[in-house]
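Q: The structure follows.
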Amino acid sequence: MARGIIRGDGKAQRAFYEKYSGKFLAICCRYIKDRMAAEDVMVESMMRIFEKSSQFDFQGSFEGWSKRLVINQALGYLRSKKMLETDVEEIRETADTTESFLETEDLLQMIQELPSGYRMVFNLYAIEGYSHAEIAELLGISEGTSKSQLSRARAVLQEQLKKNELQSIV
């Protein structure tokens, strides 16, 4: 499929879009709260993938290369909107839930409610598998800040999970 995309084959591009647009939209939604903005970023990412496909060097998978481009596009969007904050100290209260168990959607919602700096680092490290050095480079922060943001994100999520458990008991 990658070779077809690099050649500019419309059928290969369409097949790639149909196969990966949902996955890439989910990635965008993890970084960008506004669903419509996330959809726009996903579409822009796809166009960028097709435009830059000739830069793919066949070291690793085309999907992995594309995924990295999508993440960079989402981070670029947040930078342009000045939403990429790394020293956020304010923590939002979580929405009340009365369920005694946590669904995947509930956990994703808790992650979405993290302050943006925490959310970025948590997504990049825990979900995408980036190292602190890579995160530092991507976000223009120090490795120490990346580690601190991850630690704080985990603490907030643990606190939210405790609240969720207590609410389910009551």
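The values are calculated or read from the model by the stated rules, or taken from the named source; none is laboratory data. None of these values were measured; they are calculated from a predicted model. No Cβ is skipped: glycine too gets one built from the backbone with ideal geometry, and neighbour counts run over all protein chains shown.
Q: May I ask you to verify whether residue 92 is in contact with a helix residue (DSSP H, G or I) (Cβ under 7 Å, 6 or more places away or on another chain) and either outside the structural domain of residue 158 (by TED's automatic domain parsing) or at pLDDT below 90 (or both)?
A: no
Matching residues to (1) among the aliphatic types (A, V, I, L, M); (2) in a helix (DSSP H, G or I); (3) more than 20 Å from residue 32 (Cα to Cα):
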{"position": "108", "(1), (2), (3)": "yes, yes, no"}
{"position": "123", "(1), (2), (3)": "no, yes, no"}
{"position": "126", "(1), (2), (3)": "yes, yes, no"}
{"position": "150", "(1), (2), (3)": "yes, yes, no"}
{"position": "155", "(1), (2), (3)": "yes, yes, yes"}
{"position": "159", "(1), (2), (3)": "no, yes, yes"}
{"position": "164", "(1), (2), (3)": "no, yes, yes"}
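Q: Can you work out which of the residues in segment 107-132 that are surrounded by fewer than 20 Cβ atoms within 10 Å (Cβ to Cβ) and among the small types (Gly, Ala, Ser) is nearest to residue 78 (Cα to Cα)?
A: If we take residues in segment 107-132 being surrounded by fewer than 20 Cβ atoms within 10 Å (Cβ to Cβ) and among the small types (Gly, Ala, Ser), then 116 is nearest to residue 78 (Cα to Cα).
Q: Across segment 19-36, what is the number of residues that are surrounded by 16 or more Cβ atoms within 10 Å (Cβ to Cβ) and over 13 Å from the mean Cα position of the chain (by Cα)?
A: Looking only at that region, the number is 1.
Q: Name the single residue, out of those in segment 137-167 being under 22 Å from residue 77 (Cβ atoms) and buried (at least 20 other Cβ atoms within 10 Å of the Cβ), that is farthest from the chain's Cα centre (by Cα).
A: My answer is 141.
Q: Of everything in segment 31-86, what is part of a helix (DSSP H, G or I), of a type in the set (Lys, Arg) and closer than 22 Å to residue 127 by Cα? Give them in sequence order. Before the answer, list the steps.
A: First pass over segment 31-86, keeping only residues part of a helix (DSSP H, G or I): 31, 35-55, 62-80.
The next check asks that each one be of a type in the set (Lys, Arg); those that pass are 35, 48, 52, 67-68, 79.
Once the filter is applied, which keeps residues that are part of a helix (DSSP H, G or I), of a type in the set (Lys, Arg) and closer than 22 Å to residue 127 by Cα, segment 31-86 yields 35, 67, 68, 79.
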